[in-house]
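Have a look at the structure below before the remarks.
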Amino acid sequence: MIKINIRQFLHITLFSFSLSLLGCHSPDIPIIHPKEATPDKVKRNIPFYEIECEKGNSKGCINMGIAYWKGMGIKKDIQKAHHYFQKACDLKDGTGCALEGRLYEDNNSTLYIQKAEKLYNKGCDYESGIACTWLADLYATEKIKKIGINDEKIAQLYKKGCDFGYGEGCTKLGKMYFEGKGVPKDAEESIQYFKDGCNLGDLEGCTAADTLGL
């Protein structure tokens, strides 16, 4: 259990009371972006994330997992990161499943790659764009070779990733249209998917759209 000082306790209690007055029980918590969040800000919010996770808010669990995974505002602990990502996945949050899978994939052993595939599939079924995209990446890089997995199947997974709002999935589908891999070669479709990726925050999509759009 994370220790909470009096000031943090009062802040969290007042915040939770305000939410209850508004009829809110599970606030929409933005997921930590390791490249943008500061350790001090994460540290201040950790007690809140933990409380929300215990209440069943999957985003609180995901943020706890990211904090432990990256050592942001708290001592790095991969086992605890596994615990919180798995808890989010159990709450049917596909992003939690995807992040749990990434921890296994990073281990890079055959057994763990298979666990990652299972979790990415589960997250994709929960309509997580990042899970579908990472599953496609797993097949595209041939970390797993299976009968029936081909460029067409990979393109379908990137399409799901894009449709579920993950910009990198759109950009990678745009590349497949540009190269004619798994889909018909189509420059216009390629540019459109690069634009979609850009609009969803993928910088590579922005660069590709600008380059091909000239």
Roughly how big is the chain's charge dipole about its Cα centre, with Cβ charges of +1 (Lys, Arg) and -1 (Asp, Glu), in debye to the nearest 20?
900 debye
Relative to the longest principal Cα axis of the chain, at what angle does helix 203-213 sit, 0 to 90 degrees, rounded to 10?
30 degrees
Selected from Asp202, Asp186, Asp93 as most flexible by GNM, with the chain as the system and alpha-carbon contacts under 10 Å
Asp186
Determine, for each peptide in 138-149, 58-69, the mean count of other beta carbons within 10 angstrom over its residues, then list the peptides with the highest first.
58-69, 138-149
What is the calculated FRET efficiency for Glu179 to Gln114, with r their C-beta to C-beta distance and R₀ = 35 Å, to the nearest 0.05?
0.75
Past 29 Å, Cα to Cα: identify those pairs from Lys92/Lys143; Lys92/Lys185; Lys41/Lys195; Lys35/Lys185; Lys70/Lys143; Lys80/Lys122, in the order given.
Lys92/Lys185; Lys41/Lys195; Lys35/Lys185
Once you compute Rg and the Kirkwood Rh from C-alpha atoms, what is the Rg to Rh ratio for the stretch 93-214?
1.00
Averaging sequence separations of C-alpha pairs under 8 Å and six or more residues apart, then dividing by the length of the chain, give the relative contact order as a whole percent.
10 percent
Please give every one of the aspartates and glutamates within straight-line cross-link reach of Lys145, meaning a C-alpha to C-alpha distance under 18 Å, and leave out same-chain neighbours fewer than 8 residues apart.
Glu105, Asp106, Glu117, Asp137
In percent, what relative contact order does the stretch 143-214 have, based on Cα pairs under 8 Å that are 6 or more apart in sequence?
26 percent
Using the alpha-carbon atoms, what tilt in degrees (0 to 90, nearest 10) does helix 94-107 show relative to the longest principal axis of the chain?
80 degrees
Of Tyr177, Tyr120, Gln192, which is farthest towards the positive pole of the stretch 93-214's charge dipole, taken about the Cα centre with +1 and -1 on the beta-carbons of Lys, Arg and Asp, Glu respectively?
Tyr120
From the C-alpha gyration tensor of the chain, pull out the three semi-axes of the equivalent ellipsoid (sqrt of 5λ each), sorted largest to smallest, in whole Å.
35, 20, 14
Most exposed first by the Cβ proxy, i.e. fewest other Cβ within 10 Å, how do Met72, Met176 rank?
Met72, Met176
Sum of -39500 (n - 2.57) over DSSP H runs of 4+, divided by residues of the chain (222 nm, nearest 500)
-22500 deg cm²/dmol
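Just so you know, all these numbers are worked out from the coordinates, no wet-lab data involved. On a predicted model such as this, the values are computed, not experimentally measured, just so you know. We place every Cβ from the backbone using ideal geometry, glycine too, and count neighbours over all the protein chains shown.
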